[in-house]
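**Q** Okay, handing you the structure first.
Please treat every number below as a calculation from the coordinates, not as lab data. Just so you know, these numbers come straight off a predicted model, no measurement behind them. Here the Cβ is made from the backbone with ideal geometry for all residues, glycine too, and neighbour counts use every protein chain on show.
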Amino acid sequence: MTTKRCISCGMPMEKKEDFAMGDPERDYCLYCARPDGSMRSYDEALVGMTGFLVRSQGLDETAAKETARQMMAGLPAWKGR
């Protein structure tokens with residue numbers, strides 16, 4: 001399987017389990033999916049990415065949120081936001 005990147009957060013999706021609902025036809029990852037399989041909103045994705053940056057990079061909440069906004073601005077799901 002070719003590595004795709006989530007259109008919402010940019011995560012590499014290499015295994016079937018990485019995709020929303022385990023469906024490689026989806027363009028977004030399991031972390032950007034709601035329980036019903038639909039893609040989370042911009043605000044939901046921003047909260048998730050901010051939390052990830054706090055945990056993984058040790059950034060404070062304000063810096064993590066700004067970094068998340070900048071990262072998300074370049075992703076297909078959020079271009080023009």
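**Q** Sorted from fewest to most neighbouring beta carbons within 10 Å, what does the list 50, 62, 67 look like?
**A** 62, 67, 50
**Q** Mind checking which aspartates and glutamates have their Cα closer than 14 Å to the Cα of residue 15? Skip sequence neighbours fewer than 8 apart in that chain.
**A** Partners within reach: 23, 25, 27.
**Q** Restricting to DSSP loop positions (anything but H, G, I, E, B) with no more than 11 other Cβ atoms inside 10 Å of their own Cβ, which GluC sites (Glu not before Pro) remain in the chain?
**A** Answer in residue order: 25.
**Q** Sum -39500 (n - 2.57) across every DSSP H segment of at least 4 residues in the chain, then divide by the residue count to get the 222 nm mean residue ellipticity, nearest 500.
**A** My calculation for the chain gives -11500 deg cm²/dmol from helical runs alone.
**Q** Pairs of alpha-carbon atoms within less than 8 angstrom and 6+ residues apart define the contacts here; what relative contact order does the chain have, in percent?
**A** Once normalised by length, the contact order is 25 percent.
**Q** May I ask you to give the average projected area over all directions of the convex hull of the Cα atoms of segment 4-78, in nm² rounded to one decimal?
**A** So the Cα hull casts an average projection of 4.7 nm².
**Q** Please identify, among 69, 26, 55, the residue showing maximal mean-square fluctuation in a Gaussian network model of the chain using a 10 angstrom Cα cutoff.
**A** It is 55.
**Q** Non-local amide H neighbours of residue 28 (under 5 Å, H modeled in plane, Pro and chain starts lacking H): which ones?
**A** For residue 28, whose amide H was placed from the backbone, the distant partners under 5 Å are 7, 20.
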